[in-house]
Amino acid sequence: MTKNQLEVKVFIVDDDPSVRRGVARLLRSSGFEVEAFPSAREFLARERFDGPACLILDVMMDEMDGLDLQQELNTRGLTLPIIFITGHGDIPMSVQAMKEGAADFFPKPFDDGALLESVRRALEKDTLDYRERAELAGIKERLARLTPREYEIFTYVITGLLNKQIAGELGIAEKTVKVHRGRVTRKLGVVSVAELVRLSERAGITPPEVVL
């Protein structure tokens, strides 16, 4: 794996050993890295995986069924795509699963090719989502380095105000604004106001209202 490649994984949760083995064998033969679990609780006990992934999940299981696991993952803010497989599925069940964010729903027996294609789509989407989440986390980490005064000046800079205007808004010296503004650009790793604006938009920061 190169430095820029992400570790990608497919998880399987199914209480039927033969299904777990069969699906895992199918996926591994197609080059996917796989982890399989016999129950939802064992899957939840696993350390959180930091990378793009998807989950192939049986609906009908003892203790905690697939739909309950889906809801628990949503509650925990775990957003990995879920592909349901079931031998007991019906339309209302599939509709509920899709409303809760499922990527796909397959009745058993399912077509191997269709399942593999669904896994590829799910992993492609989660890879994009993962990179976006990582970028946003990086932006927030950089913003957290700013002092309260630097952050305040940053919010005024993205409105397009000049140093003199910012100084007037805050009642401080223009030289002070210039010093803090330089620290802001260094800490955030940008060189232009346009970059600061794009960064603030990604972070969902609303600039203050100013009257010129």
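Quick notes on this structure:
- When residues of the range 179-199 are limited to those that are basic (Lys, Arg) and over 28 Å from the mean Cα position of the chain (by Cα), the one surrounded by the most Cβ atoms within 10 Å (Cβ to Cβ): 181
- Residue identified as surrounded by fewer than 21 Cβ atoms within 10 Å (Cβ to Cβ), modelled with pLDDT of 85 or more and in contact with a strand residue (DSSP E or B) (Cβ under 8 Å, 6 or more places away or on another chain) among 116, 55, 73: 73
- Within the range 146-162, tally of residues that are surrounded by 15 or more Cβ atoms within 10 Å (Cβ to Cβ) and not in a loop (DSSP other than H, G, I, E, B): 9
- Those helices (runs of 4 or more DSSP H) lying entirely in the range 163-212 with at least 3 residues in contact with a Leu (Cβ under 8 Å, 6 or more places away or on another chain) and of a type in the set (Ser, Thr, Tyr): none
- Residue ID - nearest to the chain's Cα centre (by Cα), chosen from residues in the range 1-25 that are surrounded by 12 or more Cβ atoms within 10 Å (Cβ to Cβ) and among the charged types (D, E, K, R): 9
- Complete set of residues in the range 168-205 that are among the basic types (Lys, Arg) and under 14 Å from residue 142 (Cβ atoms): 183, 186, 187, 198, 202
- Pick from the range 26-45, criterion closer than 23 Å to residue 125 by Cα and out of contact with any helix residue (DSSP H, G or I) (no Cβ under 8 Å at 6 or more places or on another chain), ranking: surrounded by the most Cβ atoms within 10 Å (Cβ to Cβ): 35
- Hey, residue 134 in contact with a strand residue (DSSP E or B) (Cβ under 9 Å, 6 or more places away or on another chain) and either at pLDDT 95 or above or exposed (fewer than 15 other Cβ atoms within 10 Å of the Cβ) (or both) or not: no
- Selection status of residue 40, touching a residue at least 60 places away in the same chain (Cβ under 8 Å), farther than 16 Å from residue 110 by Cβ and of a type in the set (A, V, I, L, M): no
- Positions within the range 163-175 being surrounded by fewer than 17 Cβ atoms within 10 Å (Cβ to Cβ) and more than 11 Å from residue 208 (Cβ to Cβ), in sequence order: 164, 165, 168, 171, 172, 173, 174, 175
The values are calculated or read from the model by the stated rules, or taken from the named source; none is laboratory data. This one's a predicted model, so the numbers in the text were calculated from it and none came from an experiment. We place every Cβ from the backbone using ideal geometry, glycine too, and count neighbours over all the protein chains shown.
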